[in-house]
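Asks: Pasting a structure here, questions to come.
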There are 2 protein chains.
Amino acid sequence: MNNPEKVSKENSSPTTESPARSYRIADLAKAYDITPRTIRFYEDQGMLAPLRKGRQRIFHERDHVRLRLILRGKRLGFSLAEVREIIDLYDVDAGGEKQLVHLLSKIDQRRISLEQQMKDIQDTLNDLKGVEKRVRKALKELREK
Amino acid sequence: MNNPEKVSKENSSPTTESPARSYRIADLAKAYDITPRTIRFYEDQGMLAPLRKGRQRIFHERDHVRLRLILRGKRLGFSLAEVREIIDLYDVDAGGEKQLVHLLSKIDQRRISLEQQMKDIQDTLNDLKGVEKRVRKALKELREK
DNA sequence: GTGGCAGTTGACGTAAACGTCATCAGTCGC
DNA sequence: GCGACTGATGACGTTTACGTCAACTGCCAC
């Protein structure tokens, strides 16, 4: 019985550029430096939906994509609920006209909030620049004496 | 007894451009749309240090500044611990040479993390742009039929 | 067939950032 | 002098985002 549904081992070989590679939970965990617990938690929250082989989860490329979106959202300081909202924005398919219009306004809100964040970052970077200047000056004076 | 230490009322008059205006907790709360509880909590965490008149807190301009820094940090998704770290960066005065050098590296770390966030935002904005395009296209097709 | 893993589920624990009382103190207008 | 506010101070509750067991399962090597 030559089973075509490989899950690990040979599949993790770097030479196999097979279509639809699959990954175990530990693979994802290592790849993104999070714990399996976290991944399961995200699934619980409906943010990931890996396939199953029996009870075991099998992940594919789309799970990677999702996970990267989630982690990016987290780096931006969004709650998981917000991250989910953002990810949901990507599912354009779900639409009658009313839905689509509503989606547009959601997108706009998100954009506005992101632009505010950009501004906050710029301001903070500017502040830091000023602080650094003062620090360097203090250092210089301290060394000259 | 004409008490010069006004705390509220006349002091909140828009005409008095007195030096060192003072504010009550509710003033701050309203100004930044947070609750008094939150302000007290921040004080508990050593992030604010208002003066006291008896038991009552009296806030001044520097508390405003602090609070704005805190809230900006929060908008950027930092934990209060991180916010405190950032704010502490601003206190250049506390330095022997070693401290100052260490401060510089802290500043640099912070800058790197902020730049990563910038990139994340750019990427997300780009994604949203793509999504919007698809939504508009879907809308158009839906209306033409 | 028996360790030894990797993984699963379920339950409980925890840190952060406040919210929500309950109780008490100070002050102001009348 | 007395409500009506505004504020202070605990103390406990709540939500989020996982961590940490404990008990079980499937599979693989020997």
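Each row is one residue, and each column tells you yes or no for (1) within 22 Å of the chain's Cα centre (by Cα); (2) open to solvent by 50 Å² or more (accessible area, probe 1.4 Å); (3) touching a residue at least 60 places away in the same chain (Cβ under 8 Å).
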site: B:GLY95; (1), (2), (3): no, no, no
site: B:LYS106; (1), (2), (3): yes, yes, no
site: B:MET118; (1), (2), (3): yes, no, no
site: B:GLN122; (1), (2), (3): no, yes, no
site: B:GLY130; (1), (2), (3): no, no, no
site: B:ARG136; (1), (2), (3): no, yes, no
site: B:GLU141; (1), (2), (3): no, yes, no
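Asks: For residues in the range B:33-63 being outside any helix (DSSP H, G or I) and away from DNA strand D (no atom under 12 Å from the Cβ), which is most open to solvent (accessible area, probe 1.4 Å)? Working first, answer last.
Replies: Our first condition is that a residue be outside any helix (DSSP H, G or I); within the range B:33-63, this holds for B:33-35, B:45-60.
With the extra rule that they be away from DNA strand D (no atom under 12 Å from the Cβ), the set shrinks to B:33-34, B:45-47, B:49, B:60.
Details: B:ASP33: 137, B:ILE34: 36, B:GLN45: 66, B:GLY46: 50, B:MET47: 4, B:ALA49: 63, B:HIS60: 43 Å².
If we take residues in the range B:33-63 being outside any helix (DSSP H, G or I) and away from DNA strand D (no atom under 12 Å from the Cβ), then B:ASP33 is most open to solvent (accessible area, probe 1.4 Å).
Asks: Whether any residue in the range A:115-127 is closer than 19 Å to B:LEU125 by Cα, in contact with a Phe, Trp or Tyr (Cβ under 8 Å, 6 or more places away or on another chain), among the hydrophobic types (A, V, I, L, M, F, W, C) and not assigned by TED's automatic domain parsing to the domain that holds A:LEU28 is what I want to check.
Replies: Within the range A:115-127 (the criterion being closer than 19 Å to B:LEU125 by Cα, in contact with a Phe, Trp or Tyr (Cβ under 8 Å, 6 or more places away or on another chain), among the hydrophobic types (A, V, I, L, M, F, W, C) and not assigned by TED's automatic domain parsing to the domain that holds A:LEU28), the answer is no, since none of the residues qualifies.
Asks: Just need a number here: residues in the range A:1-25 that are assigned to a helix (DSSP H, G or I) and either at pLDDT 95 or above or polar (S, T, N, Q) (or both).
Replies: 3
Asks: Can you find, within the range B:83-97, the residue that is farthest from the other protein chains (Cβ to nearest Cβ) among those that are farther than 22 Å from B:ASP33 by Cβ and not hydrophobic (A, V, I, L, M, F, W, C)?
Replies: Per the criteria, the residue is B:GLU85.
Asks: Please go through the range A:98-122 and pick out each residue that is more than 8 Å from chain B (Cβ to nearest Cβ) and either among the basic types (Lys, Arg) or not in a helix (DSSP H, G or I) (or both).
Replies: If the condition is that a residue be more than 8 Å from chain B (Cβ to nearest Cβ) and either among the basic types (Lys, Arg) or not in a helix (DSSP H, G or I) (or both), then A:LYS98, A:LYS106, A:LYS119 are the ones that fit.
The values are calculated or read from the model by the stated rules, or taken from the named source; none is laboratory data. Predicted model, so just to flag it, every value in this text is computed and none were measured. Because the Cβ atoms are built from the backbone with ideal geometry, glycine has one as well, and the counts that use them run over all protein chains shown. Only protein heavy atoms, including side chains, enter the accessible area calculation; ligands, DNA and RNA are left aside. Shrake-Rupley method; radii C 1.70, N 1.55, O 1.52, S 1.80 Å.
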